[in-house]
1. Can you tell me which residues in the range 69-89 are surrounded by fewer than 21 Cβ atoms within 10 Å (Cβ to Cβ), aliphatic (A, V, I, L, M) and touching a helix residue (DSSP H, G or I) at 6+ places or on another chain (Cβ under 9 Å)?
2. Residue check: is HIS176 open to solvent by 30 Å² or more (accessible area, probe 1.4 Å), touching a residue at least 12 places away in the same chain (Cβ under 8 Å) and within 10 Å of ligand 2 (Cβ to nearest atom)?
3. Residue by residue through the range 8-20, note down the ones that are within 16 Å of ligand 2 (Cβ to nearest atom) and either of a type outside the set (D, E, K, R) or modelled with pLDDT of 95 or more (or both).
4. From LEU59, LEU64, grab the single residue that is under 24 Å from the mean Cα position of the chain (by Cα), at pLDDT 95 or above and on the phi < 0 side of the Ramachandran plot.
5. Looking only at the range 20-53, count every residue that is buried (at least 19 other Cβ atoms within 10 Å of the Cβ), within 16 Å of ligand 1 (Cβ to nearest atom) and either of a type in the set (A, V, I, L, M) or assigned to a helix (DSSP H, G or I) (or both) and tell me the total.
6. Of the residues ALA457, ALA480, only one is of a type in the set (Gly, Ala, Ser), closer than 20 Å to THR312 by Cα, surrounded by fewer than 16 Cβ atoms within 10 Å (Cβ to Cβ) and out of contact with any Phe, Trp or Tyr (no Cβ under 9 Å at 6 or more places or on another chain); which?
7. If I ask for residues that are surrounded by fewer than 21 Cβ atoms within 10 Å (Cβ to Cβ) and over 17 Å from PHE435 (Cβ atoms), which ones from the range 134-164 would you list?
8. Sort through LEU452, LEU366, LEU392 and tell me the only one that's touching a residue at least 60 places away in the same chain (Cβ under 8 Å) and aliphatic (A, V, I, L, M).
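The values are calculated or read from the model by the stated rules, or taken from the named source; none is laboratory data. Predicted model only: the values in this text are computed from it and were never measured. Note that we place each Cβ from the backbone using ideal geometry, even for glycine, and neighbour counts take in every protein chain shown. Surface accessibility is based on the protein's heavy atoms, side chains included, excluding ligands, DNA and RNA. Shrake-Rupley method; radii C 1.70, N 1.55, O 1.52, S 1.80 Å.
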Amino acid sequence: MPSAAKACDLILFGTKGDLARRKLLPALYQLEKAGLLQADTRIVGVARDQMDRAEYQALVKKNLATFVKKEPLDDDVVAAFEQRLHYVQVDLSSQQDYLKLKDVIDAEQRIPVSYFATPPALFPAICKGLHAAGLAEEPARVVLEKPIGHDLESSREINALVAQYFNENQIYRIDHYLGKETVLNLLALRFANAIFASNWDHNSIDHVQITVAEEVGVEGRWSYYDDAGQMRDMVQNHLLQVLTLIAMEPPARLDADSIRDEKLKVLKALRPINVSNVHEKTVRGQYAGGFVSGGSVPGYLDEEGSRANSSTETFVALKIDIDNWRWAGVPFYLRTGKRMPEKRSEVVICFKPQPHNIFHETYKHLPANKLIIRLQPDEGVEVQVMNKIPGLGEHMQLKQSKLDLSFDETFKSKRIADAYERLLLEALLGNQYLFVRRDEVEHAWRWVDGILDAWKATSESPKSYQAGSWGPVAAISLLARDDRNWDE
Ligand SMILES: NC(=O)C1=CN([C@@H]2O[C@H](COP(=O)(O)OP(=O)(O)OC[C@H]3O[C@@H](n4cnc5c(N)ncnc54)[C@H](OP(=O)(O)O)[C@@H]3O)[C@@H](O)[C@H]2O)C=CC1
Ligand SMILES: O=C1O[C@H](COP(=O)(O)O)[C@@H](O)[C@H](O)[C@H]1O
């Protein structure tokens, strides 16, 4: 624990909701277990139900028993964690109720860190209420969950509203992909290894692929998801954040603004996609019924709560050009979808082929090297290289093989922390480098809005794909047109 760390009151708005129960409270338990919470830090749950402290402690304990997976609960850790828990009943739409927070929280004693695990529609009321209760002045912090808006205009409204009460250096916008160990490892891989740093541009790299495939469908979230679709739900935030980390220039320092300035430059350099090139650059799909993990699953339009004729996309593939010196002529292909054959997130850096092939008599084409960064599951880094097969034959026999660094194998005793553990820790420590700055969010929306508008203007329905497949055939053509194929 850095000595500068100060005790905080983490105020969990929406403490009874899905995110808090499934992710935030289990993550805080893990921080307790790892000894990473400052001794005097407290967790103040806020919900509209009437409950006393003991009832809230019992509720959280029950919740941990359900959602702390892969390991038995440690009773001593639970007991220590319980001591940090407090509860305040607040109807978030009643301004009067926020004053109750003052009875429990003393901003002089601990830094108030307010986590908005609620529908975004409540953000204005919460900000106003915090201000009235004297919990918005620096050094107070506020942690905002996605989605920050539905488009550029609405994200600006939310950001402007929050900015009335909090300065940018108090605002922590979550993109949970930035908390994933393997996404963070992109920084290590790129900037701690000269072998990659000196080969990270259009001279050496042919193209880049980013795949974020999910087995799950909409999981009972139809009404939220149908309004969003995969473009807003995954591309605007997670995939573009991963892309910026791959494409950005080396930041001068490992601090929030150095990194965020570089990410922003990438977002500004994304070539716009609009009606003139949307056909060539994008594919949108929607899953039909099929089979995933051996079981049959319904199509998107037959999911619980569905509405007939929805044209919301559950799959997106994009060919992205970055108009800057480093990436001139190097396309970034992105794809993400629900109901894919497996959960798999990875980045594939495909290097250029050899300029001259001395093995041409036996091998007309030598496969190019690939660097595969497996983000999840089976986290690791793999380099595909050509090797000589040992033997005395007349011709050299070559084989493509892998240098494979599996995190599981290499860091055997190390548990891979959930993204929310890292992000909660950094928010409590006051480090913003893993959180998204306002201008990043708005530039990402500006670019994504161009595609959404173009799709709307062409009014084409998404292409159907069978659940359990890798998306519509058009996604294969997107690369085949360039004489390339997805890394399978
Ligand atoms: N769930 C997830 O995995 C993820 C969620 N998010 C985002 O996090 C936020 C929360 O999501 P999620 O937890 O799933 O949503 P839920 O609907 O499960 O939880 C929202 C919580 O807000 C509370 N709430 C709503 N209105 C009031 C009110 N007037 N007064 C007091 N409390 C109120 C609800 O209380 P009550 O129980 O009393 O209704 C509920 O506990 C959303 O913005 C979502 O988009 C982002 C990424 C992942
Ligand atoms: O933000 C979201 O992310 C999840 C995928 O997260 P992962 O950590 O499991 O890769 C996605 O399922 C959900 O639709 C989206 O809102």
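1. LEU73, VAL77, VAL78, ALA80, listed by residue number.
2. yes
3. Restricting attention to the range 8-20, the residues satisfying the condition of being within 16 Å of ligand 2 (Cβ to nearest atom) are 14, 17-20.
Scanning the range 8-20 gives GLY14, GLY17, LEU19, ALA20.
4. Of the residues listed, the single one that is under 24 Å from the mean Cα position of the chain (by Cα), at pLDDT 95 or above and on the phi < 0 side of the Ramachandran plot is LEU64.
5. 12
6. Just one listed residue meets the conditions, ALA457.
7. GLY134, GLU137, HIS150, ASP151, LEU152, GLU153, SER154, ARG156, GLU157, ALA160, LEU161, GLN164
8. Being touching a residue at least 60 places away in the same chain (Cβ under 8 Å) and aliphatic (A, V, I, L, M) holds for just one of LEU452, LEU366, LEU392, which is LEU452.
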